[in-house]
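These notes are about the structure you will find just below.
The values are calculated or read from the model by the stated rules, or taken from the named source; none is laboratory data. Because the structure is predicted, anything quoted here is derived from the model rather than measured. Here the Cβ positions follow ideal geometry from the backbone for every residue, glycine too, while neighbour counts run over all protein chains shown. Each accessible area value is taken on the protein alone, full model and side chains, heavy atoms only, with ligands, DNA and RNA left out. Shrake-Rupley method; radii C 1.70, N 1.55, O 1.52, S 1.80 Å.
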Amino acid sequence: MNRLAHAIAPLVVLSLMAAKPAHAEPPAARFRPVQLYIDSGSQPLAAYQVEIVVASGDARIVGIEGGEPPAFRSAPYYDPAALKGGRIIIAAFNTGDQLPSGKVRVATLHMEESGPGTPVYQATLKAAATSNGKPIDARVWITPDGSKEEEKK
Amino acid sequence: MNRRVTLAGLLISATLCVVGFHACALKKAELPSETVAKTEAAAERADQAAEGALAEAKRADAAAQRAEGAAGMYKRMPTGGGEDEINAPAALAPEVGQRLAAGLERDASAASPAAPPSFAGEELWVIARAEPQAAPAGATVPERPDLRAKLPSSEKEIPLPLEHTDVRADIAGYIASVRVRQQYHNPYAEKIEAVYVFPLPENAAVNEFVMTIGERHIRGIIREREEAERVYAEAKRQGYTASLLTQERPNLFTQSVANIEPGKEIDIDLTYFNTLVYHDGEYEFVFPMVVGPRFNPPGSTTGIGAVPRGQKGISGQPVEVQYLRPGAERSGHDISLAVDVDAGVSIESIASPSHAIEVTQISPSRERVLLSRLDTIPNKDFVLRYKVAGQTVKTAFLTHRDQRGGFFTLMLQPPAQLANLPRAPMEMVFVLDCSGSMSGYPIAKAKGALIRALKRLGPDDTFQVIRFSDNASTFGNMPVPATSRNVERAVEYVNQLEGEGGTMMIEGVKAALDFPHDPRRLRIVSFMTDGYIGNEAEILGEIHKRLGASRIFSFGVGSSVNRYLLDSMAYVGKGAVAYVGLDEGSERAVDEFYERISHPALTDIRIDWGKLDVDDVYPRRIPDLFVGRPVIVTGRFKGHGQTTLHVSGRAGGEETQLAIGVDSDAADAVHPALASVWARTKIADLDARATHEDARELGQQIKTVALEYGLMSAYTAFVAVDSSARTAGDHGTTVVQPVPMPEGVPYDTTVQTPAH
Amino acid sequence: MSAPTKHLDLLQIDAVRVGEGDKADLDHLETCNECRRALADLQGLTRALQESHGPALKVPDEIERRILWNARKQAAIAKKLHVSNRGRRMLVARWAVAAGVVLALGTLSTWRLLRERTVSRRMATSTPVAKEDVDGDGKVDILDAFALARSLRVGSGAKPTWDLNGDGVVDGRDVDVIAHTAVSVGKV
């Protein structure tokens, strides 16, 4: 019996070590949506233009999606040539009556991130207008899923 | 001991049986009841949408009538004076009234239904939008499940991912902008990846790609091909819904959609533009619907395989198309198509030689064409031809400027005096494709064309007839004079030819170009083929090497010919191409061919660009100008203002010059798509050169241009990933969408069967 | 029973046509099909009239004033002077010649002045005003595309310069041209 125990024990220990989860290596590429919000306060938002920059880290766009309100559901305008340089301008507008106000998600960028660390995104609001075309004050947020909000005016 | 062994054996067998049973059960495809319910709901929605479209058509009719009434009202207006003098418009001369009426009619027609998809609707001005699939009046609707049960019992309906394709084309002048919507769904109980190989016009510039999941629209991104494939593979592996569009040939694409969950639907919208062919007073719009089965020479590893449904990998080729067996299988995939033609001038006639269509005139220069619901199986190219009023299109110079600089397109018409010059004696070499894919209708059509061409030879001409399939053989040892006796013998020879065997087109090329050329005659080599080969690059390279002083005029015969090959042969061969569908007579094509070769072309064309500083002009070698066939030249330019272009060349042994006054700032000479037309033409030129020059270096140039202008190419691809949520489970089963055989093409002699 | 709808009169519609309509009128247009139709009719009529007639000739105000001033002055002088018929005729002739010379010089100098102003205006704006700058704020952004889209929606006057793609019509395609320019990272 003792001999059997001595024979089995190393095997048990080795099995336990193999079963213990090793530190999970992150996959080579990670996919994450980055949400873009605009808060136009009480004013209906009819048009916006935002510049987005990957301030640090390695991230590339793999999809551009429209927002939540029906007025901005279609994918916004963007320049395909912009994607190489880590900087992109997106914009959209709606001439209808059903316009959102307050803080709304106007677009989502689907990003492929790689390398160590988490990329940092910055958004700058270049233009915002209400239904009669008049510029309005608004604030923009860019929020990668799973991270703290980053607000930029 | 024996009992224990027996018990163990029984236990193991039982276990294997249970595992095997479950494995079979998992492989079985089930149609969830949700799918059936959704199909019924979709059919109902389509019915409602058709009613809505009819109401819209009635409203548009009323708007047009209002416009007519307003026009009449203005014609009767008072001359002014009296109390209402200030507000009463002045009397209008009749012609002013007519112009006013035309303006109002234009305004009314702008309110008519189904504006081009990019600009429809009041609320949204965006490139892509999601709309419920609205079937316009007269368009097809998806079949109901109960109708499927009524299909002939010999044809088995196979549940497959691609339900429907919707095509919306918007033609303005000579440029078509087309949106193709592919509707995928998962009819199975587990996740799938759908893969679909399909054709587009060989000069299509695909510049937009949108994946729609429910009400969410994700615009895809153009990337270098390797990178796009890597992103797609990784997203698929990690369980994200993703889509990838790659180009296999200029006219052949693969759409892959990963991680479609059971019962879910995903739409893929891709948008392209292309320039229309114009010849002999007629524009031609073509939308190909199915890839023909290609033959690959023995040992080829870069071809396109044609295999039966479910037999992935048996051809050994990197790209395969799976075919449904006619009479035994069908997929239920159907197609709807609408074309809005805005010719800018009155349209005299419009017709399709390939499909049944419904035509609605919006105005004298605008027509709406719908594919009939009786003709919605995507098994042949859609061809639309329309004639415009007045003189044939004049030489035109169009420009576009943006932050990248100036782009121009010059449409060169052949000089009128070419039609007055007699032609030189010819050495006609007819090359007939007698491969298995031509068997039946196609070879009958080709033989008819060939015989008609033989009978139109002139007394000073000589001719040769060559047939090829696995090998090549000739009518005579050398070309013979076109005496009535020789023509009679040749007709007998042609009549006994049949279609069978492979398509070793290289043998036909060698036989046609390798024998000594009669210097007293112009050698014209006329291929009659469906172009169903997988080694296009090799063929084009051989033609380039052996062409010499010959010219290649080809006939594409069939319902879904390989236009990329035929058009490229015409370009490399400094000739032209005509297409003969199975539903039309060959007389027209043959007669036009003779009209073309009966007058000398303007050859060796050079252009003096005057004060314009031009660069990057394509095609680099300007094709010969034939009667009735304009040539389009595109390039970059700097400078402003007016100048005179001088086009010179040789015709009938004489030097000829043509002067064209142009104004690079003329507002009415601007076209928005010219930059992309130029980029696409440059890519095509680089592609053609890659068949006989350094393909790697040229590939880099193609990649650079394609990325800068956001275009698909062999070196770039569109990818879209929905990173918002992972789907459960592994990446699921890959389901390749099989396609119907092109109309008239035999299955048994073209589709590879598994080796026994 | 509700009060009948008060539609815009012709002057209000014409103000909208030339881009000078006030907000209330624009709001009314958005909801009134009748008035929108009237606007479309007026636009069509205007186009037809413009096609059938050349541009109107206008005498510059400065020249007009000079002519009138000279004419009045001449008349006043003639009233005051009591000269013989012959002498009067001579005097009138001399003054007519003088007035003609003054008029000619005035015309010439005014024409040159106007020409210089035009040239200096061109020189002052050596960077051409972008056609895409629909709202005239000096930059091209999505608000310009939005402004054109709104203008098209209510049917207010569209300037020919907004036909950015040169197809002869101001429509949604031109909106797209502006939007693409707005998001272009390569634009100046």
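Yes/no matrix, rows are residues, columns are (1) in a helix (DSSP H, G or I); (2) of a type in the set (D, E):
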| position | (1), (2) |
| --- | --- |
| B:L686 | yes, no |
| B:L698 | yes, no |
| B:L711 | no, no |
| B:A725 | no, no |
| B:D730 | no, yes |
| B:T749 | no, no |
| B:Q752 | no, no |
| B:A755 | no, no |
Residues of the range B:208-228 satisfying the condition of being of a type outside the set (D, E, K, R) and out of contact with any helix residue (DSSP H, G or I) (no Cβ under 7 Å at 6 or more places or on another chain): B:F209, B:V210, B:M211, B:T212, B:I213, B:G214, B:H217, B:I218, B:G220, B:A228
Inspect all residues belonging to the range B:230-247 and state whether any of them is surrounded by 21 or more Cβ atoms within 10 Å (Cβ to Cβ), more than 26 Å from B:D687 (Cβ to Cβ) and aliphatic (A, V, I, L, M). yes
Restricting attention to the range B:217-229, report how many residues are in a strand (DSSP E or B), within 24 Å of the chain's Cα centre (by Cα) and either surrounded by fewer than 19 Cβ atoms within 10 Å (Cβ to Cβ) or within 7 Å of chain A (Cβ to nearest Cβ) (or both). 4
Collect the residues in the range C:141-167 that are part of a loop (DSSP other than H, G, I, E, B), more than 7 Å from every other protein chain (Cβ to nearest Cβ) and either open to solvent by 30 Å² or more (accessible area, probe 1.4 Å) or without any contact (Cβ under 8 Å) to a residue 12 or more places away in the chain (or both), keeping them in residue-number order. C:A158, C:K159, C:D163
Of all residues in the range B:473-518, which are in contact (Cβ under 8 Å) with a residue 40 or more places away in the chain, open to solvent by 70 Å² or more (accessible area, probe 1.4 Å) and not in a loop (DSSP other than H, G, I, E, B)? B:N495
Tell me whether the range B:270-292 contains one or more residues that are touching a His at 6+ places or on another chain (Cβ under 9 Å) and within 27 Å of B:E227 (Cα to Cα). no
Considering each of B:D166, B:D170 in turn, give the residue that is surrounded by 21 or more Cβ atoms within 10 Å (Cβ to Cβ) and at pLDDT below 95. B:D170
Among the candidates A:P44, A:P69, single out the residue that is more than 9 Å from chain B (Cβ to nearest Cβ) and touching a residue at least 40 places away in the same chain (Cβ under 8 Å). A:P44
From the set of residues in the range B:583-609 that are in a strand (DSSP E or B) and open to solvent by less than 50 Å² (accessible area, probe 1.4 Å), which is nearest to B:A351 (Cα to Cα)? B:L602
Does A:R87 fit the bill of being free of Cβ contacts under 8 Å to residues at least 12 places away in the same chain and either on the phi > 0 side of the Ramachandran plot or surrounded by fewer than 23 Cβ atoms within 10 Å (Cβ to Cβ) (or both)? no
Residue match in the range B:328-347 (condition: over 17 Å from B:V290 (Cβ atoms), assigned to a loop (DSSP other than H, G, I, E, B) and not hydrophobic (A, V, I, L, M, F, W, C)): yes
Subset of the range C:168-178 that is touching a Phe, Trp or Tyr at 6+ places or on another chain (Cβ under 9 Å) and of a type outside the set (A, V, I, L, M, F, W, C) - its residue that is surrounded by the most Cβ atoms within 10 Å (Cβ to Cβ): C:D174
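Residue by residue, here is whether (1) more than 10 Å from every other protein chain (Cβ to nearest Cβ); (2) buried (at least 17 other Cβ atoms within 10 Å of the Cβ) holds:
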| position | (1), (2) |
| --- | --- |
| B:A651 | yes, yes |
| B:D663 | yes, no |
| B:E693 | yes, no |
| B:Y709 | no, yes |
| B:A714 | yes, yes |
In the range B:324-349, which residue that is β-branched (V, I, T) and crowded, with 20+ Cβ neighbours inside 10 Å is farthest from B:V195 (Cα to Cα)? B:I347
Does at least one position in the range B:433-444 carry a residue that is surrounded by 23 or more Cβ atoms within 10 Å (Cβ to Cβ), over 16 Å from B:V557 (Cα atoms) and at pLDDT 90 or above? no
Kindly indicate whether B:N274 is touching a residue at least 60 places away in the same chain (Cβ under 8 Å), more than 10 Å from chain A (Cβ to nearest Cβ) and more than 26 Å from the chain's Cα centre (by Cα). no
Of the residues that make up the range B:624-636, is at least one over 14 Å from B:D608 (Cβ atoms), open to solvent by 60 Å² or more (accessible area, probe 1.4 Å) and within 33 Å of the chain's Cα centre (by Cα)? no
Looking only at the range B:732-749, which residues are touching a Ser or Thr at 6+ places or on another chain (Cβ under 7 Å) and surrounded by fewer than 23 Cβ atoms within 10 Å (Cβ to Cβ)? B:E743, B:P746, B:T749
Take the range B:713-723 and flag every residue that is among the hydrophobic types (A, V, I, L, M, F, W, C) and part of a loop (DSSP other than H, G, I, E, B). B:A714
Could we say that A:D79 is in contact with a Ser or Thr (Cβ under 9 Å, 6 or more places away or on another chain), of a type in the set (D, E) and either at pLDDT 95 or above or crowded, with 19+ Cβ neighbours inside 10 Å (or both) here? yes
Just one listed residue, out of B:R726, B:R680, B:R696, is among the charged types (D, E, K, R) and out of contact with any strand residue (DSSP E or B) (no Cβ under 8 Å at 6 or more places or on another chain), and it is B:R696
